[in-house]
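Derivation of every value follows stated rules applied to the coordinates shown; laboratory data play no part. Since the structure is predicted, the reported quantities are computational estimates derived from the model, not experimental observations. A quick note on method: Cβ atoms are made from the backbone with ideal geometry, for glycine too, and the neighbour counts reach across all protein chains shown.
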Amino acid sequence: MKTFRCDHCGHPLFFENVQCLQCGSALAFLPHRLALCAVEPVPGGDAALWRRRLPRRRRAEARHYRLCRNHTEKQACNFAVPAEDPNPLCVSCRLTRILPDLSIAQNHERWYRIEVSKRRLFYTLAKLGLVAVTPPRGERDGPVFEFLADLPGQTILTGHCAGVITLNVAEADDTERVRRRLALHEPYRTLLGHLRHESGHYYWDRLILNGRRIDAFRDMFGDERADYGRALDAYYASGAAPVDWQAAHVSAYATSHPWEDWAETWAHYLHMVDLLETASSYSTRVVVPGSDADEAEEVANPFEGHIRDFDQLVQQWIPLTLLLNSLNRSLGQDDAYPFALTSGALKKLRFVHDAIHAPRNGAAKADVSSCGARGTTPGASPP
């Protein structure tokens, strides 16, 4: 994700910031602008209303905002809500239908970490035109989220069902997440990675099934009608199949079933565009040492201007990941990007790219009631 700049003083800002460290301005992310902005209370008006804080030479902006209820009550969000929006929650927080029990102290920190990752996911989806930044009448657009903790005799499994993404909040604990990563022989496991993967299942319904791409999908990924439960049981019992899975998959888990192949590839594509935008915001120029390139090309923002050709994304992606891993190794860390993309995996990534950027009509919303809400917690999205 790109870095931002304070409207008031120009100081660099990061996505999670709530105050500018240079001028002291309060900050809020304005979804309709997809930007982190300096804000100030509206003079002489409702104390709950805010506006952008601009340099004195610029005319004050007329549009007013409220801060998300999860900011004012729980200091857990930095998104703003347009003053005319009837929903007290921002466009990201209203997607969360169930929270963990916040009376348990550690759950508040877990929930905060998950929401930070979810807001990053929302940003990328919005940049790709996959979710509305100003849904009408206080509605929500995108998948519904349930963040749950294990109970005696009840283990929560992270997954997707009919538009609802469930995440076990234990994934927000670094030690537990690393334990699971090692136990499952995974090279990469993060909160943001989980949310990106599960969002892939949500958008499979919209872009593939509802987008009438099912035949093309089966040609590329395989027949999703294969028994899902048996496929996962076989994967966890025997591991990736075939042995040379790297030739056509982005990860070993992608071999388990065509749906998981799609979701893993989808998540990988979101990794790509997010990291490329970050590099672009720093005006990064990369050339692989020893290559024949005469001059390093500046990494371009994949979200700006016309939709960039997929080959251009890959051309800049590969040297950027080599640089990223080299920097990590210099600090004694494991590779941040522990993958090697083959031509077969790249074909699937191109399929995801084309599905996202193809012209599309509004897809019907899933009936999330089939997953069954198990009671809401204060702070979750209103029904």
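Multiply the residue separation of Glu297 and Tyr282 by 0.36 nm, subtract the distance between their alpha-carbon atoms, and state the gained length in nm to one decimal. Let's see the in-between values first.
Details: separation 15, 0.36 × 15 = 5.40 nm, distance 1.32 nm.
My answer for the length gained is 4.1 nm.
Using helices alone, I'd like the mean residue ellipticity at 222 nm for the chain: each DSSP H run of four-plus residues gives -39500 (n - 2.57), total over residue count, nearest 500. List each step's numbers first, then the result.
On the way: 9 runs with 129 residues, N = 383.
For the chain, the value works out to -11000 deg cm²/dmol.
Suppose R0 equals 30 Å; then what is the FRET efficiency for Ile214 and Leu157 from their Cβ-Cβ distance, rounded to the nearest 0.05? Don't skip to the end; give the middle numbers.
On the way: r = 26 Å, r/R0 = 0.88.
Working from the Cβ atoms, E equals 0.70.
Have a look at Arg177, Arg97, Arg119 and tell me which one the Gaussian network model of the chain (Cα, springs below 10 Å) gives the largest fluctuation.
Arg177
Suppose each label sits 7 Å from its Cα in the direction of the beta carbon; what would the Gln315-Ala247 distance come out to in nanometres?
In this crude spin-label approximation the distance works out to 2.9 nm.
Arrange the following residues from fewest to most other Cβ atoms within 10 Å of their Cβ: Ile318, Ile98, Ile114, Ile104. The partial results should precede the final answer.
Numbers: Ile318 14, Ile98 18, Ile114 24, Ile104 11.
Taking fewest neighbouring Cβ atoms as first place, the list is Ile104, Ile318, Ile98, Ile114.
Springs between alpha-carbon atoms under 10 Å, Gaussian network over the chain: tell me which of Gly332, Gly142, Gly211 tops the mean-square fluctuations.
Ranking Gly332, Gly142, Gly211 by mean-square fluctuation puts Gly332 first.
How many Lys pairs in the chain lie less than 29 angstrom apart by Cα atoms, where the lysines are 8 or more positions apart or on different chains?
So the count of such lysine pairs works out to 16.
For the range 1-83, just the Cα set please: Rg and Dmax, both in angstrom.
In Å, with Rg to one decimal and Dmax whole: 11.9, 36.
In debye, nearest 20, what is the charge dipole magnitude of the range 1-147 about its Cα centre with +1 on Lys and Arg Cβ and -1 on Asp and Glu Cβ, if you could check? Please list the in-between numbers first.
Values: 24 positive and 14 negative charges, 122 e Å.
Roughly 580 debye for the range 1-147.
Please arrange Thr96, Thr124, Thr3, Thr278 by counting, for each residue, the other beta carbons lying within 10 Å of its beta carbon, fewest first.
Listing Thr96, Thr124, Thr3, Thr278 from fewest to most nearby Cβ atoms yields Thr3, Thr278, Thr124, Thr96.
Return the label of the correct value of Rg and Dmax of the Cα atoms in Å, as calculated from the structure shown, out of (1) 34.1, 124; (2) 22.9, 71; (3) 21.6, 69.
(3)
Using a simple spin-label model with points 7 Å from Cα along the Cα→Cβ vector, what separation in nm is obtained for Asp335 and Lys347?
Label at Asp335, label at Lys347, 2.3 nm between them.
Arrange Tyr112, Tyr235, Tyr202 by Cβ neighbour counts within 10 Å, fewest through most, would you? Present the calculation step by step, with values, prior to reporting the outcome.
On the way: Tyr112 15, Tyr235 18, Tyr202 22.
Fewest-to-most ranking of Tyr112, Tyr235, Tyr202: Tyr112, Tyr235, Tyr202.
Could you tell me which of Leu130, Trp111, His160 has its Cα farthest along the dipole of the range 97-252 towards the positive end, charges placed at Cβ (Lys, Arg +1; Asp, Glu -1), taken about the Cα centre?
Going by the charge dipole, the pick is Leu130.
Counting Lys and Arg as +1 and Asp and Glu as -1, each charge on the Cβ, what is the dipole of the chain about the Cα centre in debye, to the nearest 20?
Numbers: 45 positive and 46 negative charges, 305 e Å.
Roughly 1460 debye, rounded to the nearest 20.
Residue farthest toward the positive end of the dipole of the range 1-83, with Cβ of Lys/Arg at +1 and Asp/Glu at -1: which of Gly10, Ala48, Ala83?
In the range 1-83, that residue is Gly10.
Mind running the shape call on the range 136-237? Use the C-alpha gyration tensor, a ≥ b ≥ c as the square roots of the eigenvalues: rounded below 1.5 for a/c, prolate if a/b tops b/c, oblate otherwise.
Judged from the Cα gyration tensor, the range 136-237 comes out oblate (a/c at least 1.5, b/c at or above a/b).
Name the residue, out of Asp85, Asp261, Asp309, whose mean-square fluctuation peaks in a Gaussian network model built on the chain with Cα pairs under 10 Å.
Asp309
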